[in-house]
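What follows is a single structure, written as structure tokens, with notes after it.
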Amino acid sequence: MELRNCPVCGKLFVYTVRNMCPNCAKKDEENFEKVRQYLYDVPNATLDEITEKTGVPAKNVLEYLKEGRLMLKKTNTNILSCERCGAPILTGKYCDKCADEMKKQLERLKNRAFGINEDMKGSLHLSKLQRREK
Ligand SMILES: [Zn+2]
Ligand SMILES: [Zn+2]
């Protein structure tokens, strides 16, 4: 059993899947549902409109979108933008183009790291050989 302090209200709670106490998790679910419903009714709502009409803080609304729990309608490009290039997006943190580029970059980094490991193995092998020669 792991006890944690709720990051929202500071109360101690038993950590399960969500890093939030049951009270705050329930409130968060309600907030999420309000935003989802509002966006369903008014697909082109701005962030200001959403926070005003639902009472849910803008920070939370953006979180739902960035976590991929909520997705905007294709026509609503005024709320979320790519954290890398600023292009309008509908859900998540990055546009498709940046997500793709970052994936490739990560692959390259992984390959490079793998290459370094191989080199190290090689020199290790070599030093063993040299030791044996002495
Ligand atoms: Zn809480
Ligand atoms: Zn981008």
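The values are calculated or read from the model by the stated rules, or taken from the named source; none is laboratory data. These numbers come from a predicted model, not from an experiment. A quick note on method: Cβ atoms are made from the backbone with ideal geometry, for glycine too, and the neighbour counts reach across all protein chains shown.
Select, from MET1, MET71, the only residue that is surrounded by 11 or more Cβ atoms within 10 Å (Cβ to Cβ) and assigned to a loop (DSSP other than H, G, I, E, B).
Values: MET1 fails: surrounded by 11 or more Cβ atoms within 10 Å (Cβ to Cβ).
Exactly one residue qualifies, and that residue is MET71.
Just a yes or no: is a residue in segment 111-132 among the acidic types (Asp, Glu) and at pLDDT 95 or above?
no
From the list VAL61, VAL42, pick out the single residue that is hydrophobic (A, V, I, L, M, F, W, C) and free of Cβ contacts under 8 Å to residues at least 12 places away in the same chain.
VAL42
With respect to THR77, is the statement that it is among the hydroxyl-bearing types (Ser, Thr, Tyr), within 24 Å of ASP96 (Cα to Cα) and part of a loop (DSSP other than H, G, I, E, B) true?
Spelling it out, THR77 is indeed among the hydroxyl-bearing types (Ser, Thr, Tyr), within 24 Å of ASP96 (Cα to Cα) and part of a loop (DSSP other than H, G, I, E, B).
Which residue is nearest to ligand 2 (Cβ to nearest atom), if the candidates are limited to segment 5-19 and must be within 19 Å of GLU29 (Cβ to Cβ) and not in a loop (DSSP other than H, G, I, E, B)?
PHE13
Against the conditions (1) surrounded by 15 or more Cβ atoms within 10 Å (Cβ to Cβ); (2) more than 19 Å from SER81 (Cα to Cα), where does CYS9 fall short? Just the number, please.
Going through the list (1) surrounded by 15 or more Cβ atoms within 10 Å (Cβ to Cβ); (2) more than 19 Å from SER81 (Cα to Cα), CYS9 breaks only (1).
Going through segment 1-27 one residue at a time, which ones are out of contact with any Lys or Arg (no Cβ under 8 Å at 6 or more places or on another chain), touching a residue at least 12 places away in the same chain (Cβ under 8 Å), of a type outside the set (A, V, I, L, M) and more than 9 Å from ligand 1 (Cβ to nearest atom)?
GLU2, ARG4
Do you know which residues across segment 84-94 are near ligand 2 (Cβ under 8 Å from one of its atoms), over 15 Å from GLN105 (Cβ atoms) and assigned to a loop (DSSP other than H, G, I, E, B)?
If the condition is that a residue be near ligand 2 (Cβ under 8 Å from one of its atoms), over 15 Å from GLN105 (Cβ atoms) and assigned to a loop (DSSP other than H, G, I, E, B), then GLY86, ALA87 are the ones that fit.
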